[in-house]
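No lab work stands behind these numbers, since they all come straight from the coordinates. None of the values given here were measured: they were computed from a predicted structure. Here the Cβ positions follow ideal geometry from the backbone for every residue, glycine too, while neighbour counts run over all protein chains shown.
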Amino acid sequence: MAKSKSKALANSPTLMPIDVEVELILFEKNLLNVGLFAASDPRNKVETHRRIEKEVIRNGHNVKVAAVFRCPPEYGLPTTSDRDKTIAFLRIINEDRARNGTLANPFRFSGYRMIQELGLTRNAGIYEDILRWGQRMANTTITSEQVVFLASKKVFSNDTLHVFEKFRRYGTSDLDDGNKQLGFEVVLADWFLENLNQRFVVPQDFSAYKKLGRPISKGIFGYLHLAFFASGGRPVEKNYADLCSELGIATYTAISKIRSTLVASLDELVNIQYLSKWAIDPLIGKRGYKIVFTAGPELMKFLSKNRSDRQLPSDAGAGAGPTILRPLGDSDMTAVKALLDHGVTPDKAVSLVQIYGSQRVSDVVDYQESQINARNSRVQNPAGLIIYSLESNLPIPARFVTSRIRKEIDERTNAEREGLQRESSLRVSYEEWKDERLSQAFEEKYPASVLPATLATIIAKRKEDDIFRRVNHQQRLDLATQLIKKEIRDELNFPSFEDWSAGQTQANLFG
């Protein structure tokens, strides 16, 4: 940009300065959850209408929620290029938060500033692209059927909403459309502005995002932050059909077609070290596939730095050796010793505690030990059984009280007992509530007339699996049952304990 142009922009009171480097994006959660930005190729077809449905559990009930997006045909629904500009816009307005501590309408920025953020070269068309983005965002409506969360009111909306309330361009250019001095003004919808100010956001790294070139990998990028924040860095699974629905792309049934559609995008995420590996596996209890994601070192580093309420290993799942990722405390060493006592190698024991945490490791060891002793069976590979249970995230029945929980109860002081017992009782109720709904869903999907054949099919498919070969028939049935229940549990999308317990006394606040 010429010096005269820079001076003109700097003297304009309506344009934001460009000398603040902001690495962090605070991406509003609804925009990630509802699937506003389609990863489909807009050159193939301009979409003007799209509907996404899913089932969730709220206040103890299965609820079908949906989002319907509409936009006039002259604009079409938002796509990946609109996601790019929206992220750049969120990065720009973060300066307002840094200066003022809060965000307030309207927001003004120069076209050149957005071009800088996107890393693009100035040309005659880029300003028109920014204009079309703003018009598309202002004209797109989201009809929320209990899916868009309003953070200030703590309710799920049943309204038709916009993200941008208003959008306009102002400025000058030569007759030949050159020498542009253009600015843009955005007025955010009240609900969206309130959510940003309420910090209903997910931190993301814009520099990592800009390394991606494929629409699908950009769409998955945001999902990974949500999923691994929730899992604490442990591997996560996503139903393939649900992922396609949220990305706005075609769903295929042939594994070869699925791979040809996803491989390049997933490998792109591996290349920037946001994934260390991925897999496309068949669903356990029904037809279809799921994607298994394992976090990469760069994503884990970002999560560790930007989340204070959960301690995360810096490269969990990255395939590194037995490096100590954080200092091991007394509880960690107790969990390591429990693994060593059951034949797990020292390096593997440390890695498991780093990834899954001492409480989860201790509980799994306790449960599997009780199962082995109860049947007086000789398991040839107890270490393998424990590792398999941890890495597959198999559920522990709510009725089983681990020695860790018993010890915690025994160590509570009288002064704390009343409050802690109430919380402990509530947690037991929560686990029983989940267990009951899991059992109901399991019995509905797999009645006694079909369950034995289903279990036999699962076991037959895993006849080459070492852990299945080294246990007796009853334990194979138990493992197969746990695999089915795990898949059903993931589909039920249970609320967190905090959300569930709040709903016990504040049901009116939830949809």
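Sorted by mean Cβ packing within 10 Å, highest first, what order do the peptides 453-463, 262-272 take?
Top to bottom by mean Cβ count within 10 Å: 262-272, 453-463.
Could you please report the charge total around ASP242, scoring K, R as +1 and D, E as -1 over all other residues with beta-carbon less than 11 angstrom from its beta-carbon?
-3
Quick one: give the max-minus-min coordinate of the C-alpha atoms of the range 21-201 along each principal axis, largest first, in Å.
Sorted from largest, the Cα extents of the range 21-201 read 61, 43, 25 Å.
With 28 Å as the limit, write out which pairs from LYS29/LYS445; LYS64/LYS301; LYS211/LYS257 have Cα-Cα distances beyond it, or answer none.
The answer is LYS29/LYS445; LYS64/LYS301.
Just check the range 211-320 against the gyration tensor rule for me: Cα atoms, a ≥ b ≥ c as the square roots of the eigenvalues, rounded for a/c under 1.5, and otherwise prolate or oblate depending on whether a/b exceeds b/c. If you can, show how the numbers build up before the last one.
On the way: a/c = 1.98, a/b = 1.63, b/c = 1.21.
Taking the square roots of the gyration eigenvalues as a ≥ b ≥ c, the range 211-320 is prolate.
Under unit Cβ charges (Lys, Arg +1; Asp, Glu -1), what dipole magnitude, rounded to 20 debye, does the range 211-320 have relative to its Cα centre?
On the way: 15 positive and 9 negative charges, 15 e Å.
Computed charge dipole of the range 211-320: roughly 80 debye.
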